[in-house]
Each structure stands twice: as C-alpha cells, then as structure tokens.
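Written out below as structure tokens is the structure these notes cover.
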Amino acid sequence: MCGIIGCTGVKNASAVLYKGLLDLEYRGYDSAGMAVLCDGGIVTVKKKGRVCALSAAAEELRGTSGIGHTRWATHGIPSDENAHPHTAGKFSVVHNGIIENYAELKEELVSQGCSFSSHTDSEVVVHLLNRCYSGDFKDAVLHTVRRLRGSFALCILCADSDGFAAVKYRNPIIVGKGGGALFAASDMPALSGLAESVAVLKDGQIAFASHGEMDLCDFSGEAQALTFSPVPAAVRAAGLCGFPHYMIKEINEIPAAVKNTVHAFLEERCFERVTRAAKKRGFGNIFLCGCGTAYHAALAAAYSAEELLGIPARAETAGEFRGRKSAVGRSTLFVAVSQSGETADTVEAARTAKQRGAYVLAVTNVPYSALTSVADCVVPVRAGTEVCVAATKSYCGQVAALSLVVSALKGRAECRRTLSELQEVCSKCASAISGFSAEAAARACASSSGVYFIGRGIDYPVALEGSLKLKEVSYVPGEGYPSGELKHGTLALIDGGTLAVAVMTDIRSGEKTASAVEQIYSRGGRVAVICSPGCAPRGIAERAEFYAELPECGGMLSPIISVIPLQLIAYRTAVMLGRDPDKPRNLAKSVTVE
Ligand code: M6R
C-alpha cells in the first residue's frame, strides 16, 4: 500500500532510491517516482507503471539526498500526474496512507490560491508545507502534520535543507544509518544492505535527518531519544535463488516456514505465556480476526479451537469485526492474525478489542510491526520475508502457530502432541510439494468459466483459500463454498464450462462432500478431487477430471498440507495464462489503509 524511502549523505541518491524502490515494489506497483536535492533545487521524476520505468530518468539525477515512492492508488487513477513525489515551491513529499480530511484542506488551499496538479489526497501535504514555511523546515513540518487526519507515513524534502524529514502516524517508518548516510523506509528489508543499524518509529514521531545526524521529536516538537539497533539478519531477503517467481520459491519454503515457526514457539516460551494469560483471565470465548488469507487461517483455527476446547470460538474478517458490536470483553481471547502485522483493518480490530477489555494475542510474521505494539502477547510466525503478493508459506506458518496456541490452551500434553505432529507435517509438506504435478488441474482451471472450491468442516477454510489464491494470481473467477451449501443456490451456476475442486481430508465429512460432487456430476459439471488417503468414497475419484492424493493428514494441521496442491494449481494456472503471479493486477501486499 505504497512504499516510501528517503536518504541523505549518500554518493548517488537516485541509485540508492531506485534499489530501495525495487525492494518496496511489493507494496504497490502502479506508478513510481523520486525527487533529489540538486544544486539548491528539487528535481523530480515520476512515471505510471513499475519502478523499472524510472531507470533511465533516474540515472540522470545527481544529488546526495532524495525521497522515493512506489504507489498503490487510493485517490486518483494510476497516472504520471498522480504518481508521487508531489512537488511544489520549496518542498517535495511522498506519502503512504490516507489523508482523511484532504477535501476540506484542499478547499481551503485552493481558496488561498494553490493550484493542484493531481487528484490525490497526498498533494495537500506539499501545499500545506509551503503555506506554513517561513524559513524553518522543522516548524513547517510540525504545523503541517498537526493539520492532518487519517494515516500517514511521509518523507519530505525541503530545497533549503540538505536532508529530509520522516513522519510516522499509523503507517510504518523505519529509520537507519550506516557509512555516514541516513535513511528512512516503509520496511526493514528495503534498508538491509544500506543501513547498518535501524530504529522503528512510533506513532506521532518525526525524524529530521541532516549532516549525518538524525534528531527525533514528537508532533509538539519536543525532542525524543532515538536508539538504533543492528539490522536483524532474518529480514535480509535472499532473491529468487534460481526460481522463476517468488510464489513458487515461497511454496517450496513451506517446510522451513513450519519448522522455524515451531522453533520460535519453543524459543520464545509461548506455551508458558499463553497458559499464564489463560490462567489469569480464564478465557470464556475466543475471537479470531484477519483479512484475506490470514482470515482463512483464523477460520481454520476457530473450528479447531471450538472442537478441542469446547468454548465458543469464532473467526471474522477484521473489517467486519470493527463495524459492529460483538461479544468481546475481559474474558475474551482476541487473536489477530497478520503476515505483515501492518494491515490497517487487523491492527484497528486489535485496538478495538483491547479497548473493549479483551486479551490480544498477535500471530504475525513481522516482529517489529504495528500489530505487535498493540498486542498483549505475540506468537511469532517465522516464515521469513514473503515477497510474492499472494500469501503461501505465511499461511502455513499461521496455521502451525495457531494450532500450537489452541493446543497450549488445552494443556501441556496436547501441546506436546501437536509439536511432534508438526515435525511430521514438515516432511509431508515437502512430499506434497515435490509429488504433485499441477499441470492437468491448471489446464482445467485455465479453460473454465468459473472454478468452485468446496469442502466441509476444516476443509472449508482451505476451499476458501484455494479459491482466493486462484482468483488473485490467475484472474479466473470462482468461489470457495461449504460443500453442503451448493444445493441452496450456487448449483445454478454449474455447467460443462465450470470446474469444482473438492477438498476432502476428513473421513467424517468426505461422504457429505461426495454427495455435493454427485450433484455436480448430475448437472454436467467437471470435478477435480484433492483428498487424503481413504477420504474420497468409491466412485468419486474414478470420474474426476483430476484426482490427487495428499500425504496422510487430518485434523487441525491438515490445512498446512491440503492447501499446497491448491497453491500449486493457482501458480501453474497463472503462468499458463501469462499472468505475473508475484504482482497481480490491482493489488499490493500490505494493505495499510482501511
Ligand atoms: O499481511 P496480512 O496477513 O495482514 O495481509 C492480509 C491480506 O491482505 C492477505 O492475506 C491477502 O489476502 C493475500 N494477498 C492473499 O494471498
């Protein structure tokens, strides 16, 4: 949801910004731009399209300080004009977030004679800075940020200053230093290789970087202490390592993601922390929230929690949770699930739950994220940096971490059993990846007018995830559905052009899903079956257009394995249809606006 970067004191600012923007491109890729301080003025280049569209123009820029941006459009279509930076008078600005009061500010600025050149909310910031400027950069920034409502991470250049300012409010900013240079960026991987040490800014802080020094203050201008620590090794992304796309590389990293998540659970004494909280609070119900894939992991965990613990457990998408009054209170365990830890809906849902008295437990892949600062307790997912916009290994890490939380709540013996089952799951994942050829299923998906993923019980969240993955990376339409629900309406869509993918890992519900499959066959529909050994009743597999048997799996860990063929099918379908699976159209990996 937009990536921003700033640097000062480097030899060639445009080269540093360009490299940083490539690292941040997962956050948005509809346009990009940079501005560099050059001979006492600001030179800006920006273009619709991916970061690489800037490469020739960026090479022409000479300067030691600058700011850059890669965009995911919220206000205004992707275009050269709407691309950041926005430059006016003495200032240039890049922004990640939404200025919620931009319309009233714009009206005021226009009435004062400002002329706007974009349709973005962000442009008000640069005009405000010019209005507030009377020769003091810091003063102009302070006056400006106090007028803004919404969420904003900003990097700002002023032609009269040699450095930049970085502002954080509800969107992330990490600052760094190394080799006499100073940096700021939306995330840590963009700073690895540039900075030797880093600091994560808090909401309401502004860093001013100039002449090799970085000063921190709050929005009132009061100085604050800034403590840097070394860049953690884990954030250094390793590149494609010979794989054609990050999506397939990251699917292959699932066994390591699960193994490392198990290690982290033990290393960080999560059993002790979870059970201590349970003892103190006596949890009477569990609420799980997340968005997209993280919601699907949460839903699977809700099914398992209710079955294992016998207390009400429900999952909801984070955006829905915030909008209504739910039964959340002091005896609620609220579990917020997010790969990035910065999804605005999820972070705000966690804040809301905390305000209502719930105990907030975060399950996240990013230890320094906004979500971890809200949570009472963090259970880490250690999937490593996930670059592909489509979540794969992080989902499996989330299911592993959530299963450990649920089993810890049951007791030590259950938790030990889950830990040992997870060891086996790692090797089963590896054989599910290597032993599955997605070609035939991908061909069937690519030629279908719609693909319906069906499952029952624990297989239903996996069906939802399979459907999301296929839509997201291949643009083939479809839906995830509880298999029992098809006959209540959606069967009307089934014909020879559609494909139904049935997921069956549970022997108890396999027969019910098989009835849905029969109903599809009877209406001329085509079926693919993904099942654990013995879970597909006789006569189902034989007639399937595509049939794949998973390694033995069942129960709450089964989604870790059963999702793998669905991820591989989505990936192969995308490649077959000539899509870029790593950067699907219209999307961004981190959605930091509500
Ligand atoms: O970083 P998060 O886990 O909070 O992200 C939530 C969703 O935006 C994310 O899972 C999204 O659905 C993925 N692109 C799906 O592959």
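Would a scan of the stretch 256-271 turn up a residue that is surrounded by fewer than 24 Cβ atoms within 10 Å (Cβ to Cβ) and hydroxyl-bearing (Ser, Thr, Tyr)? No: the stretch 256-271 contains no residue that is surrounded by fewer than 24 Cβ atoms within 10 Å (Cβ to Cβ) and hydroxyl-bearing (Ser, Thr, Tyr). Of everything listed in (1) under 27 Å from the mean Cα position of the chain (by Cα); (2) more than 16 Å from the ligand (Cβ to nearest atom); (3) buried (at least 16 other Cβ atoms within 10 Å of the Cβ), the single unmet condition for GLY555 is (3).
A count restricted to the stretch 337-348 and to residues that are of a type outside the set (Gly, Ala, Ser) and either more than 15 Å from the ligand (Cβ to nearest atom) or within 20 Å of ALA300 (Cβ to Cβ) (or both) stands at 5. None of ALA140, ALA103, ALA153 is assigned by TED's automatic domain parsing to the domain that holds VAL45, of a type in the set (A, V, I, L, M) and in contact with a Leu (Cβ under 6 Å, 6 or more places away or on another chain) except ALA140.
Do you know which of the residues in the stretch 572-586 that are assigned to a loop (DSSP other than H, G, I, E, B) and in contact with a helix residue (DSSP H, G or I) (Cβ under 7 Å, 6 or more places away or on another chain) is surrounded by the fewest Cβ atoms within 10 Å (Cβ to Cβ)?
LEU577
Any residue in the stretch 297-305 that is within 14 Å of the ligand (Cβ to nearest atom), touching a strand residue (DSSP E or B) at 6+ places or on another chain (Cβ under 8 Å) and part of a strand (DSSP E or B)? Among the residues of the stretch 297-305, not one is within 14 Å of the ligand (Cβ to nearest atom), touching a strand residue (DSSP E or B) at 6+ places or on another chain (Cβ under 8 Å) and part of a strand (DSSP E or B), which makes the answer no. Please tell me if GLY496 is more than 29 Å from the chain's Cα centre (by Cα) and at positive phi. No, not satisfied.
Within the stretch 499-522, being modelled with pLDDT of 95 or more and either of a type in the set (Asp, Glu) or surrounded by fewer than 20 Cβ atoms within 10 Å (Cβ to Cβ) (or both) holds for no residue. Scoring PHE334 on the criteria (1) among the aromatic types (Phe, Trp, Tyr); (2) within 14 Å of the ligand (Cβ to nearest atom); (3) within 25 Å of ALA257 (Cα to Cα) leaves a single failure, condition (2).
What residue, of ARG351, ARG356, is more than 15 Å from the ligand (Cβ to nearest atom) and surrounded by fewer than 24 Cβ atoms within 10 Å (Cβ to Cβ)?
Residue meeting the stated conditions: ARG356.
Close Cβ contacts (under 7 Å, 6 or more residues apart or on different chains) running from residues in the stretch 254-281 that are free of Cβ contacts under 8 Å to residues at least 40 places away in the same chain to residues that are surrounded by fewer than 16 Cβ atoms within 10 Å (Cβ to Cβ) are absent.
Taking the stated definitions as given, is VAL389 within 26 Å of SER186 (Cβ to Cβ), assigned by TED's automatic domain parsing to the domain that holds ALA305 and in contact with a helix residue (DSSP H, G or I) (Cβ under 7 Å, 6 or more places away or on another chain)? Explain how you work it out, then say what you get.
On the way: within 26 Å of SER186 (Cβ to Cβ): yes; assigned by TED's automatic domain parsing to the domain that holds ALA305: yes; in contact with a helix residue (DSSP H, G or I) (Cβ under 7 Å, 6 or more places away or on another chain): yes.
It is true that VAL389 is within 26 Å of SER186 (Cβ to Cβ), assigned by TED's automatic domain parsing to the domain that holds ALA305 and in contact with a helix residue (DSSP H, G or I) (Cβ under 7 Å, 6 or more places away or on another chain).
Only residues that are within 28 Å of the chain's Cα centre (by Cα) and hydrophobic (A, V, I, L, M, F, W, C) were counted across the stretch 68-126, and they come to 10. Quick check on the stretch 313-325. Is at least one of its residues in contact with a Cys (Cβ under 7 Å, 6 or more places away or on another chain), within 16 Å of the ligand (Cβ to nearest atom), under 16 Å from LEU371 (Cα atoms) and assigned to a loop (DSSP other than H, G, I, E, B)? Within the stretch 313-325 (the criterion being in contact with a Cys (Cβ under 7 Å, 6 or more places away or on another chain), within 16 Å of the ligand (Cβ to nearest atom), under 16 Å from LEU371 (Cα atoms) and assigned to a loop (DSSP other than H, G, I, E, B)), the answer is no, since none of the residues qualifies. In the set (1) more than 19 Å from the chain's Cα centre (by Cα); (2) buried (at least 24 other Cβ atoms within 10 Å of the Cβ); (3) not aliphatic (A, V, I, L, M), the condition left unmet by SER331 is number (2). Looking at SER373, is it farther than 25 Å from MET556 by Cα and among the hydroxyl-bearing types (Ser, Thr, Tyr)? So SER373 passes the test.
Residue-by-condition table, conditions (1) assigned by TED's automatic domain parsing to the domain that holds ALA297; (2) without any contact (Cβ under 8 Å) to a residue 60 or more places away in the chain:
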| residue | (1), (2) |
| --- | --- |
| GLY384 | yes, no |
| ALA401 | yes, no |
| VAL425 | yes, no |
| SER467 | no, yes |
| VAL476 | no, no |
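Of the candidates LEU194, LEU226, LEU288, the single residue that is surrounded by 14 or more Cβ atoms within 10 Å (Cβ to Cβ) and within 22 Å of the chain's Cα centre (by Cα) is LEU288. For ALA53, the criteria (1) buried (at least 22 other Cβ atoms within 10 Å of the Cβ); (2) without any contact (Cβ under 8 Å) to a residue 60 or more places away in the chain; (3) not charged (D, E, K, R) hold in every case but one, which is (1). When the stretch 326-367 is filtered for residues that are more than 23 Å from CYS396 (Cβ to Cβ), in a helix (DSSP H, G or I) and among the charged types (D, E, K, R), the ones remaining, listed by number, are GLU348, ARG351, LYS354. In the stretch 453-469, how many residues are within 15 Å of the ligand (Cβ to nearest atom) and either β-branched (Val, Ile, Thr) or surrounded by fewer than 24 Cβ atoms within 10 Å (Cβ to Cβ) (or both)? Of the residues in that region, 3 qualify.
Yes/no per residue for (1) in a helix (DSSP H, G or I); (2) within 19 Å of the chain's Cα centre (by Cα); (3) more than 14 Å from THR392 (Cα to Cα):
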| residue | (1), (2), (3) |
| --- | --- |
| PRO244 | no, no, yes |
| PRO255 | yes, no, no |
| ARG273 | yes, no, yes |
| ALA277 | yes, no, yes |
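The values are calculated or read from the model by the stated rules, or taken from the named source; none is laboratory data. Predicted, not measured: the structure shown is a model, and the values here were computed from it. Glycine also receives a Cβ, built like all others from the backbone with ideal geometry; neighbour counts cover every protein chain displayed.
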